[in-house]
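Input: a single structure, listed below in structure tokens.
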């Protein structure tokens, strides 16, 4: 906003597209035109980056760099720690699932024996005039 309104002439914010595989430029050459004479004067400007995204050149992904890459450094990958309470909860859940499946199977067999054959009415018959 300050660049657009020209309220801070000492700095300008611009958005540029850079190659993440290469190095970011540290300075840029700009041409400044003199309003009175029309003469163009070249000037080198230092670049200060507000945000530099992490980019892994190995994975070609943003979000981490080579120092934090799990492919290059598998020892950095967080290990899953399962304590006794979680293990017990998992076993209880498996038991509940087994009980539920047995109950469902028993209900299915009961329905099968009671209603071995039940005639179904044609639901579309009324619409076609049959």
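The values are calculated or read from the model by the stated rules, or taken from the named source; none is laboratory data. This is a predicted model, so every value here is computed, not measured. For neighbour counting, all protein chains shown are included, and Cβ atoms are generated from backbone atoms with ideal geometry for every residue, glycine included.
Which condition breaks for residue 25 when tested against (1) loosely packed, with under 10 Cβ neighbours inside 10 Å; (2) at pLDDT 80 or above; (3) within 33 Å of the chain's Cα centre (by Cα)?
Looking at each condition in turn, residue 25 falls short on (1).
For the stretch 73-81, state whether one or more residues are in contact with a helix residue (DSSP H, G or I) (Cβ under 8 Å, 6 or more places away or on another chain), at pLDDT 80 or above and assigned to a helix (DSSP H, G or I).
Yes: one or more hits.
Given the conditions (1) modelled with pLDDT of 75 or more; (2) in a helix (DSSP H, G or I), report the number of the one that residue 86 does not fulfil.
Among (1) modelled with pLDDT of 75 or more; (2) in a helix (DSSP H, G or I), residue 86 violates only (1).
In the list 40, 30, 47, which residue meets the criterion of being within 17 Å of residue 16 (Cα to Cα) and more than 34 Å from the chain's Cα centre (by Cα)?
Only one candidate qualifies: 30.
Within the set of pairs 6+ apart or on separate chains, which have a first residue in the stretch 1-18 that is under 12 Å from residue 45 (Cβ atoms), a second that is surrounded by 10 or more Cβ atoms within 10 Å (Cβ to Cβ) and modelled with pLDDT under 75, and C-beta atoms under 6 Å apart?
12/3
Here is a list: 70, 49. Which entry is in contact (Cβ under 8 Å) with a residue 24 or more places away in the chain and outside any helix (DSSP H, G or I)?
Going through 70, 49 in turn, just one is in contact (Cβ under 8 Å) with a residue 24 or more places away in the chain and outside any helix (DSSP H, G or I): 49.
Could you give me the residue pairs with C-beta distances under 7 Å whose first residue belongs to the stretch 81-109 and is at negative phi and exposed (fewer than 10 other Cβ atoms within 10 Å of the Cβ), whose second residue is at pLDDT below 75 and not in a helix (DSSP H, G or I) wherever it lies, and which are 6+ apart or on separate chains?
From residues that are at negative phi and exposed (fewer than 10 other Cβ atoms within 10 Å of the Cβ), there are no pairs.
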